[in-house]
1. For the stretch A:305-339, give me the residue count where each residue is among the β-branched types (Val, Ile, Thr) and either within 20 Å of residue A:174 (Cα to Cα) or not in a loop (DSSP other than H, G, I, E, B) (or both).
2. Using the structure shown, decide if residue B:231 is within 11 Å of chain A (Cβ to nearest Cβ), under 22 Å from the mean Cα position of the chain (by Cα) and hydrophobic (A, V, I, L, M, F, W, C).
3. Filter the stretch A:84-111 down to the residues that are of a type outside the set (S, T, N, Q), in contact with an Asp or Glu (Cβ under 8 Å, 6 or more places away or on another chain), within 11 Å of chain B (Cβ to nearest Cβ) and under 16 Å from residue A:381 (Cα atoms) and list them by number.
4. Those residues that are in a loop (DSSP other than H, G, I, E, B) and away from every other protein chain (no Cβ under 13 Å), I need them from the stretch B:214-228; list them, please.
5. Identify the single condition in (1) among the acidic types (Asp, Glu); (2) closer than 18 Å to residue A:313 by Cβ; (3) surrounded by 16 or more Cβ atoms within 10 Å (Cβ to Cβ) that residue A:143 does not satisfy, given that it satisfies every other one.
6. What do you reckon, is residue A:528 small (Gly, Ala, Ser) and either surrounded by fewer than 16 Cβ atoms within 10 Å (Cβ to Cβ) or more than 14 Å from chain B (Cβ to nearest Cβ) (or both)?
7. I'd like the residue in the stretch B:244-258 that is closer than 21 Å to residue B:194 by Cβ and without any contact (Cβ under 8 Å) to a residue 12 or more places away in the chain and, out of all such residues, is farthest from the other protein chains (Cβ to nearest Cβ).
8. Based on this model, can you work out whether residue A:81 counts as in contact (Cβ under 8 Å) with a residue 12 or more places away in the chain, on the phi > 0 side of the Ramachandran plot and within 14 Å of another protein chain (Cβ to nearest Cβ)?
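The values are calculated or read from the model by the stated rules, or taken from the named source; none is laboratory data. Keep in mind that what you see is a predicted model, and the values were worked out from it rather than measured. Positions of Cβ are generated from backbone atoms using ideal geometry, with glycine treated the same way; all protein chains shown enter the neighbour counts.
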Amino acid sequence: MEELDAEPPLMVVPGADPSARQLCFAWGPAEVLVCETLFGRRGSGEGGPSSSRVFVVRRDQDIYIQTLRKLFNESHGIFVGLQRSEEELAGKSRKAQLVQVSKNYRSVIRACMEDMHQAAISTRDPALHSQYSTQVSILSAMELIWNLCEILFVEAAAAGPLLLRLLDWVRLHVCDVDNMVREVLSSENPSKHELFWNVVDVFVLQGRMDEARHLLSKEASANPASVNMYKILDDLMKKMPVPSLGNTQTLTEMELKWQHWHEECQRYLQDGTFASNSHMESICKILLGDEDAILEKKELMTTWYHFLVTRLLYSHPTVKPMELRFYAQSSMDLFLGGESSPEPLDTILMAAFEFEMHQVIKECSIALSNWWFVAHLTDLLDHCKLLQSHNLYFGSNMREFLLLEYASGLFSHHSLWQLGVDYFDHCPEYGRVYLELHIERIPLNTEQKALKVLRICEQRQMHEQVRSICKIMAMKALRNNRLGSALSWSIRAKDAAFATLISDRFLKDYCERGCFSDLDLIDNLGPSMLLSDRLTFLGKYREFHRLYGEKRFSEAAKLLLMLMTAHIAPCSFWMTLLTDALPLLEQKEVIFSAEQTYELMRCLEDLTAGKSDKQKFQNDDVETMKVEMLRLALARNLARVIVKEGTLEGS
Amino acid sequence: MAGPGPGPGPSPPGRAHRRAPSLSLRARRRAAANQQARGGAGGSRRAAGAAMEDVCAKFVSQKISKTRWRPLPAAALQPPDLFATGSWDNEDNRISIWSVGELGNVGLGGEYQGEPQLLCDIRHNGDVMDMQFLDQERIVVASSTGTVTVFRHHQNNQTLSANQRWEKAHYHVDQNTSCGGAACTGVICNNPEIVTVGEDGRINLFRADQKDAVRTIDNADSSTLHAVTFLRTTEILTVNSIGQLKIWDLRQQRNEPSQILSLTGDRVPLHCVDRHPNQQHIVATGGQDGMLSIWDIRQGTMPVSLLNAHEAEMWEVHFHPSNPDHLFTCSEDGSLWHWDTSTDISEKPSFLHQGGRSTTYFSHSTINQSVVSAWLSNDPTKDRMEITNLIPNQTLSVNSLDILGPCLVYGTDAEAIYVNRQLFA
């Protein structure tokens, strides 16, 4: 047994009061049923079980948020695409493909976030507003984490480009200062704005040199006296070497250039070039990577990871992925300065900087209220071949475990269950079993829904489930007196026993009413007639009636006899068949040949002989009379046919 | 050496992802479509090409079972701008009216502003099984509860209201003789007449202005009726779950079909039916196995041609209302096909290139084409038909589609609606 990583969160079931009534519970696939019991109630016996309630407690709450359904549906498409794309490409293009997939996932999160933001703005209900706002911040945190994982794990950026990616990451996610920037830039005279230098600092901290220089040039033109100082700073900023994305320069080359530039900055600072302007002096200190100078701008950075990236930019631009952990840890310590303890988001990001992938996934599973994020991220990382070595002490591997959890959540939703199917499909070990168990529990309220579920089962050769669904539908139809539908369903399931049952119902109806219902179906059975003996008999018997109706008597007679002699007809039905033979025996022209008549007689005798004496006595007079009439008709027919056949042979 | 700054990243991810959801979507789909087009050139089955570029997608957080364009007034020249959708399998199903903006709003760089905007919606009890516009304002909706409802769309204040309702128009009489609703699976309108069919095998004829059914045929079919269409003003055609087409003459009082046509042998259930808009004897049906069948109801009891199509249930088939050489089908397998028989034969290089085949073209173009519809020529369909799959990366079922003029709308189980307004561009 492993230790618990975190205290399990306490969940209050609204309305349930464990102090008044003891609660019991039962596990479901993705939820828990909690109900109040009568057990252990002290004293108050009066009133009886006034209101015993059952509560459904769900783990994966987010599944039920309307706006998030977009996220689930759109990402489902990306997930399926990723599984299909499997291994087509090798090396670089495969990596590019995976990065693209990762970006697609992020763009879905972003789109969803925008929708949620819109919803938050447009709603007037304060409770809803705060709920939406919470969701927006959760989604934004998810995107932040995902983006970092994309840079570090999926793309696995090397020293050099790594810093550029991290800069992009910070620029994209630290949006708090955007408003300030907009305000200053849109003011009539930006350089006179009180926040002017703050904006310049923001640009410098985020490495947006061009924008910073642009602003500074405006200020310079307003201060002709110190134009020289501005020119020097501008020059420094222009000359700052940055790692290149292509292969145009080697790391050593870059480091050398950077060293030169660094020394130049150092010189200007020491000879007091910027001493007259504290703002510019502090910018120069930042360019030099002075930690205290950077930390002074804490408010402009807002987060420790911004501080980390700024610090790297100005002191270790060629940081290697594996060195990140040291800078990350010290940056966090410096930034938080012991004032506040790290929050879950900080711990997750720190784990990512430390390349502890499993820790990231674990922390996310604990912190987030949905399985969506970890399931998709883990799957993507697995496709990057980063998770293979890790096996859990339960279930299959981590990817599969998380996908199963997520898909089970989807299946517990009344509408999203269809998405779950594809996730189960891509869980090689337990997916099939999960799907089998879940799919049988889908409520089937219309035939169309049943057909959709059936299609899912048939595509996966889940014969047992196909049979069970068809049987449910056949039973429903039978209960609704829709014999035709019921028969169609049992034919589809190839369920012989049920087809026999329904055929018996048809025959019973016929015996009672003297005519067939649902002729359109019985006349068109085709090869499916062979499914069960009784169904064959039903079809053939109906064919007899058709032949008789069309006055094709000899064919009808032959078929009738065949039904008995080949033992297609159930014995209980022989009397009806023999009675059906009566009008044929009484036709003006002879229909049954001598041989056929003998066969008929034998059938009749078999039938009467087969019954014990006791049964015979129980039979009413009608039955005895029928037998007598048949005997008479058979004898008369035999007489006529002997004459006829004799005459024909004689002639 | 490049100037200071963030460096020439190929495309900062932030920029691309800050776009509106639909735009980024479109961009992705376009890329997919291009890939396909490069891969599958040649052959009669062309992969999705340029047409895909103008598709707008919107995720709507409900599984869509039906999409229908609002019909245009007789003299209208503009393309349709309003459509209705119905959802299924939700705890709370809805009928929604959407508008697609002016076509003129195509921004610079081909960016398209035409994402569907929700105008109004209303709760609907049960799954929406079928839906038809009765006229410009009224929509007839068939429910899985057996109820048929007429909703009115008030265009002045953009609201929807229930205008007329027939409770339990379709029902089962079970063994305890209590009535339970049976799903109403199909509805067709010919203002003011409304015909509905259901899982109970019943056919109802309503008039929009009358409270009670004008006519009911109980037990019209022993199996489930899946769809219905008008053949003429007095004749309807139904398809059922044992592969039969039945023609009913509503003038006759007999409760028997006037004609039964059927697929031979395997009794594959038929799920949808549509009649050729100009030649009323030509009928197309789609089956459970995804097969498209073309029938000539004047002759024979069997289909004229069976065309292998989708891999799963074909949910809807539609002739283009004004350009019936084009046909559209959609399926459970997540594909939507455009069948085009309008290929101009005279332009094709004749016998020089294609040897034996060209003679068939020749004979058709000279003798038959003006008389016999392309759909009924029994042999050369394979050569002459161009089939395009309009959805390259299919996953979940496309439940419904509708076409009007140059516009196509379709809805899926992946909770998205798609609008393509330049189908023939």
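1. In the first step, residues of the stretch A:305-339 are kept if they are among the β-branched types (Val, Ile, Thr); the result is A:309-310, A:318-319.
Pick out the ones that are also either within 20 Å of residue A:174 (Cα to Cα) or not in a loop (DSSP other than H, G, I, E, B) (or both) and you get A:309-310.
Residues that pass the stated criteria total 2.
2. Considered against the rule, which asks whether it is within 11 Å of chain A (Cβ to nearest Cβ), under 22 Å from the mean Cα position of the chain (by Cα) and hydrophobic (A, V, I, L, M, F, W, C), residue B:231 comes out as no.
3. Within the stretch A:84-111, A:99, A:103, A:106 meet the criteria.
4. Listed by number, the list holds a single entry, B:214.
5. (2)
6. Taking the combined requirement at face value, the residue does not satisfy it.
7. Here the answer is B:253.
8. For residue A:81, the condition - in contact (Cβ under 8 Å) with a residue 12 or more places away in the chain, on the phi > 0 side of the Ramachandran plot and within 14 Å of another protein chain (Cβ to nearest Cβ) - is not met.
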